[in-house]
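The values are calculated or read from the model by the stated rules, or taken from the named source; none is laboratory data. Being a predicted model, the structure only gives us computed values, none of them experimental. A quick note on method: Cβ atoms are made from the backbone with ideal geometry, for glycine too, and the neighbour counts reach across all protein chains shown.
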Amino acid sequence: MKKFIVSVVLTLVLSATGWAVAEEKRVLTLEWAKATALLNNPDLGAAKERTLQALELVNQARAAYLPSISHTTSWQYTEATGEGSPAFDENQYANRLSVTQVLFNGFLTRYATLSARAGVKMSREGEQDARRLLIWNVSQGFLNIQLARENMAIARSDMEYNTALAREAGAKLKAGTGSLSDHMNFEIRVNSARASLIEAKQSYREALFALYALMGETIPGDVDAIEIEGLNPDRGAVPLDPDSRIMAALENRPDLKQDRLALEQADAEVEKAKSGFYPELTLTGAYGSDGSWEEVGDRDELGASLGLKLNFNLFAGGATRSKVSQARSGKREKEKDLEKARIDAISDVRASFTSVVSAGEQLTLQETNVELVTRTRDLVEKEYRAGQVSLVRLNEAQNTLVASRGELAKARVSLALALEQLDYYTGKNIGKWEEYGKSQGIDR
């Protein structure tokens, strides 16, 4: 009774944390793998830090709107000469508080701030795009594991089938009604299936190691104790309207948003460059004293000053005009980048859409084909037992069945991968994570 209660509690706890329990093995789902990766992957942490750096650039740009206040204290010793004035004091002292406020600088501060704000938005969209790419990578890794699992199941089935035939052939050989060549044939095929199983297990483990690396976690020591959610692609998710997906991609994909923001930033950089054509007007003020060492602390020597400073660069060798031309060229470059990104996005969505449709058709075809090949193999087996066909024909039928099952596994993975790829190209996979995270109470 106690063991039963502990088992139920453990099941509830693991289910609440994204793990399920099936035959005392942990079952990892694709959704939880994505969620864990988004929580732990170091690349996203680096993307967040880039956003924080961009925010500090905004603060630095906005600082020009405020006055700068500085305090200066100095002491200078100049040795007197015999020909100097008798009133010369070798020790000079200064103590001054200065305030400087830029009143006008050709809108440089304004556009520098706008450029920095666009940089912050770009960093945030970059973080979103990093999440989009990470989700896609996790999906690929997870599906590689599922394909390896399918291949393991196929190899086990092949090994079990030939083991049964080898056992039967061995019994016939002992009874004097069978041949040694038949028995050895099935033993060889058992070993061949066992080799395929070993290879599939290695592929499974390598893919599992890669997935855990993306998840930012250390894989448990008992790799074989980890069970992966069964492969069952959603055929009902096959889209019918590529145009709506294209519109969603152009509107929502964070990399395209980045390109649009880069264009805004380039426009601000043009205006920043133009600020060199305008004068700079600065208000200055100071309070303090400077004089001989003996006058330090003498309040009568304290004084205040206030002034306006106008600086107008009349000629800079064409540097300002060149900077404006450079900034305009940079803006045109961003326009071309955005145009190319839009064209590539449309092409990617359309290609991914056709991949989904093709993968769905392939899956249906392979399922039908496996049914036919299975029936054929069973008929050939009966004919072999009846002595109507040769051992070669039975081997051929079994090989065809194993190959067909492998193609069916690939077709299942291909459809699941095509659906994930379509979500990646449309930017929808980010939204799916957010919905799942909310439903599971996961807070980043």
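Among the residues of this structure, L14 counts as one that is at pLDDT below 90 and touching a Lys or Arg at 6+ places or on another chain (Cβ under 9 Å).
Taking segment 325-349 as the range and being among the basic types (K, R) and either touching a helix residue (DSSP H, G or I) at 6+ places or on another chain (Cβ under 8 Å) or buried (at least 16 other Cβ atoms within 10 Å of the Cβ) (or both) as the test, the residues that pass are R328, K331, K334, R342. Here segment 386-418 is the region considered, the condition is being within 27 Å of the chain's Cα centre (by Cα) and not small (G, A, S), and the residue that is surrounded by the fewest Cβ atoms within 10 Å (Cβ to Cβ) is K410.
Out of A200, A210, report the one residue that is touching a residue at least 60 places away in the same chain (Cβ under 8 Å) and in a helix (DSSP H, G or I).
None of the others qualify; the one that does is A210.
The number of residues in segment 363-393 being touching a residue at least 24 places away in the same chain (Cβ under 8 Å) and either touching a His at 6+ places or on another chain (Cβ under 9 Å) or more than 30 Å from L419 (Cβ to Cβ) (or both) comes to 3. Out of R194, R189, R205, one residue alone is among the basic types (K, R), under 23 Å from I154 (Cα atoms) and surrounded by 18 or more Cβ atoms within 10 Å (Cβ to Cβ). It is R189. Cβ-Cβ distances below 7 Å connect the following pairs, each with a first residue in segment 213-233 that is part of a helix (DSSP H, G or I), a second residue that is of a type outside the set (G, A, S) and modelled with pLDDT under 75, and a separation of six or more residues or different chains: A225/K25; A225/R26. Kindly list the number of the only condition in (1) under 43 Å from the mean Cα position of the chain (by Cα); (2) farther than 17 Å from G406 by Cα; (3) of a type in the set (V, I, T); (4) part of a helix (DSSP H, G or I) that fails for I188. So I188 meets the others, but not (1).
Of the residues N395, N369, N399, the single one that is in a helix (DSSP H, G or I), within 20 Å of A155 (Cα to Cα) and at pLDDT 95 or above is N369.
Condition test on M152, is it out of contact with any Asp or Glu (no Cβ under 8 Å at 6 or more places or on another chain) and without any contact (Cβ under 8 Å) to a residue 40 or more places away in the chain?
Details: out of contact with any Asp or Glu (no Cβ under 8 Å at 6 or more places or on another chain): yes; without any contact (Cβ under 8 Å) to a residue 40 or more places away in the chain: no.
No.
Please state which one of T36, T51, T72 is modelled with pLDDT of 85 or more, at negative phi, assigned to a strand (DSSP E or B) and surrounded by 12 or more Cβ atoms within 10 Å (Cβ to Cβ). After ruling out the rest, the residue left standing is T72. In segment 209-227, the qualifying residues are those that are among the small types (G, A, S) and over 20 Å from L44 (Cβ atoms), and the one that is surrounded by the most Cβ atoms within 10 Å (Cβ to Cβ) is A225. Within segment 144-165, the residues that satisfy the criterion of being buried (at least 21 other Cβ atoms within 10 Å of the Cβ) and of a type outside the set (D, E, K, R) are I145, Q146, L147, A148, N151, I154, A155, N162, L165.
Count of segment 236-281 residues, restricted to those that are part of a loop (DSSP other than H, G, I, E, B) and of a type in the set (D, E), is 1. Please determine whether any residue of segment 262-276 is over 30 Å from L114 (Cβ atoms), buried (at least 17 other Cβ atoms within 10 Å of the Cβ) and touching a residue at least 40 places away in the same chain (Cβ under 8 Å). No, the conditions are met nowhere in segment 262-276.
Among the criteria (1) more than 29 Å from G45 (Cα to Cα); (2) surrounded by fewer than 14 Cβ atoms within 10 Å (Cβ to Cβ); (3) among the small types (G, A, S), the one A200 does not fulfil is (2). Of the listed requirements (1) part of a helix (DSSP H, G or I); (2) at pLDDT 90 or above; (3) within 30 Å of S70 (Cβ to Cβ), T284 misses just one: (1). Going by what's in this entry, would A304 be described as assigned to a loop (DSSP other than H, G, I, E, B) and at pLDDT below 90? So A304 does not fit the description; no.
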